[in-house]
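Undergrad: Below: one structure in C-alpha cells.
The values are calculated or read from the model by the stated rules, or taken from the named source; none is laboratory data. Worth saying up front: this structure is predicted, and the values here are computed from it rather than measured. All Cβ positions, even for glycine, are placed from backbone atoms using ideal geometry, and neighbour counts span all protein chains on display.
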Amino acid sequence: MHSGPALVDPDVSDRDMLLFQQLFKRYIGLHLPVSKKALLQSRLGGRLHELGLRELGQYHAMIAAADGAAERQRAIDLITTNETYFFREQGHFDFLCSEFLPAWSGAKTLRAWSAASSTGEEAYTLAMLLDHHRPNAAWSVFASDISTRVLSFARRALYPMARGQNIPKAYLRRYCLRGTGEYEGHFLVDGELRRKVEFGQRNLTDLDAADDGDFDLIFLRNVIIYFDFPTKVQVVRSVIERLKPGGYLVVGHSESLHGMDLGLEMHSPSIYRKPQ
C-alpha cells in the first residue's frame, strides 16, 4: 500500500460531504454528520491516492455506479473500521461471570452473538468466558460485521500484544499463543477456541434475509451511536427479534436505549433483558 500523502484537496466540500452522507445512509444506515469531514478525508484519502484520483467527487461517482459494488464495499470497510481490544468495557464481562453465566449454567446450550464484532476481540473474549465457565456444556459464538476486511482479520485471530493487555493471565496462558520470529509482539488465539466462533457479514439495517437463529445473549456495543434515532430503533428492534425470551442485550457504556419503545427490562445501564 502506498504510504505517501493523498492527492485529494484537503478541504471536503459541503457537496462532497452530502454525497457521501447519502450513500452511506442508503447502504448501511450510517449517519455521518458534517462534523466528520476530517474523518472522511483521513479514511478515504489514501485509497484515492492508490487509484490516482484527485477529488472525492470522482471516488463517489465510482462507488455509486451500478458496477461499483466491490469498491463501495472497500469504502464501507474504510469508513466503519474502529480499533478495539479484548475485555473492553470490563463491567459487561463482570456481569457475565457473576450473574449471567451462573444463572444459565443449567442450559443445555448457550448461543451468543457479537453483532458488531469489528476485528473479533469481543467475540473471542466471549468465547474465552464461555469456554471457561461451561467446560462440559455446549456453547457457540456468532460474530458479524458489515466490513469484510475486519472479518478477514478476525478469522485470522492474530493480534498485537497491546490489544490483549486486559486478558487475565490465566486466559492468556490457556487461549493465546505468543508469536515468535516475524510474529514477535503478536499473539494468536488458540485454534480450538477459534473453531467455535463463526464469523459472517451482516448489515444490521437489513437483517431480514439472515437466518441465524435465536440467541441467549447479544452484544450490540458501540455501533448504534453511528445511526440516527429512527435507524437506531429499527436496528435494535431487528436485533432483539433474534433474542430469546429471558435473554440479555448488552449495548456500549456510552449508548442509551432511552426513548425507544422496545419492551425490554433494564437490568442496569447498558444491560437489558427480554421478558419471558
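Undergrad: Residues in the range 114-168 that are farther than 18 Å from Tyr248 by Cα and hydroxyl-bearing (Ser, Thr, Tyr): how many?
TA: The total comes to 7.
Undergrad: Going by the conditions given, is Arg43 surrounded by fewer than 20 Cβ atoms within 10 Å (Cβ to Cβ), touching a residue at least 24 places away in the same chain (Cβ under 8 Å) and not assigned by TED's automatic domain parsing to the domain that holds Leu23? Break it down stepwise before answering.
TA: Details: surrounded by fewer than 20 Cβ atoms within 10 Å (Cβ to Cβ): yes; touching a residue at least 24 places away in the same chain (Cβ under 8 Å): yes; not assigned by TED's automatic domain parsing to the domain that holds Leu23: no.
No; evaluated as a whole, the condition is false for this residue.
Okay, residues lined up against (1) out of contact with any Leu (no Cβ under 7 Å at 6 or more places or on another chain); (2) modelled with pLDDT under 95; (3) surrounded by fewer than 17 Cβ atoms within 10 Å (Cβ to Cβ); (4) in a strand (DSSP E or B):
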site	(1), (2), (3), (4)
Pro102	yes, no, yes, no
Glu122	yes, no, no, no
Ala127	no, no, no, no
His132	yes, no, yes, no
Trp139	no, no, no, yes
Phe142	yes, no, no, yes
Val150	yes, yes, no, no
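Undergrad: Being part of a helix (DSSP H, G or I), more than 19 Å from Asn203 (Cβ to Cβ) and touching a residue at least 24 places away in the same chain (Cβ under 8 Å) is the filter here; which residues of the range 46-75 pass it?
TA: Within the range 46-75, the first condition is being part of a helix (DSSP H, G or I), and the residues that meet it are 46-51, 56-64, 69-75.
In the following step, the residues that additionally are more than 19 Å from Asn203 (Cβ to Cβ) were identified as 46-51, 56-62.
Result: Gly46, Arg47, Leu48, His49, Glu50, Leu56, Gly57, His60.
Here is a yes/no grid of residues against (1) more than 23 Å from Phe153 (Cβ to Cβ); (2) touching a Lys or Arg at 6+ places or on another chain (Cβ under 8 Å):
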{"residue": "Leu53", "(1), (2)": "yes, no"}
{"residue": "Met62", "(1), (2)": "yes, no"}
{"residue": "Ala66", "(1), (2)": "yes, no"}
{"residue": "Ala69", "(1), (2)": "no, no"}
{"residue": "Gln73", "(1), (2)": "no, no"}
{"residue": "Phe86", "(1), (2)": "no, yes"}
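Undergrad: Check off (1) closer than 30 Å to Asp211 by Cβ; (2) surrounded by 18 or more Cβ atoms within 10 Å (Cβ to Cβ); (3) at pLDDT 95 or above for Arg156 and give me the number that stays unchecked.
TA: For Arg156, the exception is condition (2).
Undergrad: Which ones in the range 62-82 are in contact with a helix residue (DSSP H, G or I) (Cβ under 8 Å, 6 or more places away or on another chain) and charged (D, E, K, R)?
TA: Initial filter on the range 62-82 (in contact with a helix residue (DSSP H, G or I) (Cβ under 8 Å, 6 or more places away or on another chain)): 62-64, 68, 71-81.
Answer for the range 62-82, where residues must be in contact with a helix residue (DSSP H, G or I) (Cβ under 8 Å, 6 or more places away or on another chain) and charged (D, E, K, R): Glu71, Arg72, Arg74, Asp77.
Undergrad: Restricting to the range 258-276, name every residue that is of a type in the set (A, V, I, L, M, F, W, C) and closer than 22 Å to Glu89 by Cα. Before the answer, list the steps.
TA: Taking the range 258-276 first, the residues of a type in the set (A, V, I, L, M, F, W, C) are 260, 262, 264, 266, 271.
Listed by number, the residues that qualify are Leu264, Met266, Ile271.
Undergrad: Okay, next question. Among the residues of the range 177-231 satisfying the criterion of being of a type in the set (Phe, Trp, Tyr) and surrounded by 13 or more Cβ atoms within 10 Å (Cβ to Cβ), which is farthest from Asn82 (Cα to Cα)? Working first, answer last.
TA: Within the range 177-231, the first condition is being of a type in the set (Phe, Trp, Tyr), and the residues that meet it are 183, 187, 199, 215, 219, 226-227, 229.
With surrounded by 13 or more Cβ atoms within 10 Å (Cβ to Cβ) added as a condition, the list becomes 187, 199, 215, 219, 226-227.
On the way: Phe187: 20, Phe199: 17, Phe215: 25, Phe219: 16, Tyr226: 12, Phe227: 15 Å.
Applying the filter and picking the extreme gives Phe215.
Undergrad: Would you mind telling me which numbered condition in (1) under 19 Å from the mean Cα position of the chain (by Cα); (2) on the phi > 0 side of the Ramachandran plot Gly263 fails?
TA: That leaves (1) as the condition not met.
Undergrad: Keeping to the range 84-99, report how many residues are within 27 Å of Leu151 (Cα to Cα), not in a loop (DSSP other than H, G, I, E, B) and not small (Gly, Ala, Ser).
TA: Start the filter on the range 84-99 by keeping residues that are within 27 Å of Leu151 (Cα to Cα), which leaves 84-97.
Keeping just the survivors that are not in a loop (DSSP other than H, G, I, E, B) gives 90-97.
Remaining after also requiring not small (Gly, Ala, Ser): 90, 92-97.
Adding up the residues that qualify gives 7.
Undergrad: Another question about this same structure. Looking at Leu207 and the list (1) in a loop (DSSP other than H, G, I, E, B); (2) on the phi < 0 side of the Ramachandran plot; (3) in contact (Cβ under 8 Å) with a residue 60 or more places away in the chain, which single condition is not satisfied?
TA: (3) is the only condition that Leu207 fails.
Undergrad: Same structure again: Please specify each residue of the range 100-135 satisfying the condition of being among the charged types (D, E, K, R) and in contact (Cβ under 8 Å) with a residue 60 or more places away in the chain.
TA: Selection gives Arg111, Glu122, Asp131.
Residues checked against (1) of a type in the set (Gly, Ala, Ser); (2) modelled with pLDDT of 95 or more; (3) farther than 28 Å from Tyr175 by Cβ:
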position: Val189; (1), (2), (3): no, yes, no
position: Gly200; (1), (2), (3): yes, yes, no
position: Leu207; (1), (2), (3): no, no, yes
position: Asp214; (1), (2), (3): no, yes, no
position: Arg221; (1), (2), (3): no, yes, no
position: Phe227; (1), (2), (3): no, no, yes
position: Val235; (1), (2), (3): no, yes, yes
position: Ile240; (1), (2), (3): no, yes, yes
position: Tyr248; (1), (2), (3): no, yes, no
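Undergrad: Let me ask something else about it. Can you tell me how many residues in the range 114-158 are in contact with a Ser or Thr (Cβ under 9 Å, 6 or more places away or on another chain) and at positive phi?
TA: Final tally of qualifying residues: 2.
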